[in-house]
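The values are calculated or read from the model by the stated rules, or taken from the named source; none is laboratory data. Everything quoted here is computed from the prediction, not taken from an experiment. All Cβ positions, glycine included, derive from the backbone under ideal geometry; neighbour counts span all protein chains shown. SASA here: full protein model, heavy atoms, side chains in, ligands and nucleic acids out. Shrake-Rupley method; radii C 1.70, N 1.55, O 1.52, S 1.80 Å.
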Amino acid sequence: LAVNEMPSFKNKLQDMGFQIINMGPEESEEFIDDRITYYEEILKEVGLL
């Protein structure tokens, strides 16, 4: 969390188009699982999976 609040780090990521979201380990795991499901569905729809 401390790194995400460092102005130099935060500004660099935001300049690159990233959105900083602070999550703990459990939240991160759930977020990743949700993203995997989301992108798998899209890949299936376009015939790439």
Task: Nearest-ten-degree value, helix 25-45 long axis tilted from longest Cα axis of the chain - done: 40
TODO: Calculate the dipole size of the chain relative to its Cα centre from +1 charges on Lys and Arg beta carbons and -1 charges on Asp and Glu beta carbons; express the result in debye to the nearest 20.
DONE: 360
- [ ] Let me have the 222 nm mean residue ellipticity of the chain computed from DSSP H runs of 4+ only, each contributing -39500 (n - 2.57), with the sum over all residues rounded to the nearest 500.
- [x] -20000 deg cm²/dmol
Open item on the list: P(r) for the chain, please, calculated from all Cα pair distances in 5 Å bins and given in %.
Closed with: 4, 18, 16, 15, 18, 14, 9, 5, 1
Open item on the list: Can you find, among 13, 42, 28, the residue sitting farthest towards the positive end of the charge dipole of the chain, where Lys and Arg contribute +1 and Asp and Glu -1 at Cβ?
Closed with: 13
- [ ] On the protein heavy atoms, probe 1.4 angstrom, tell me the percent of accessible surface of the chain carried by carbon and sulfur.
- [x] 57
Open item on the list: Per residue, how much accessible surface does the chain expose to a 1.4 Å probe? Answer in Å², no decimals.
Closed with: 91
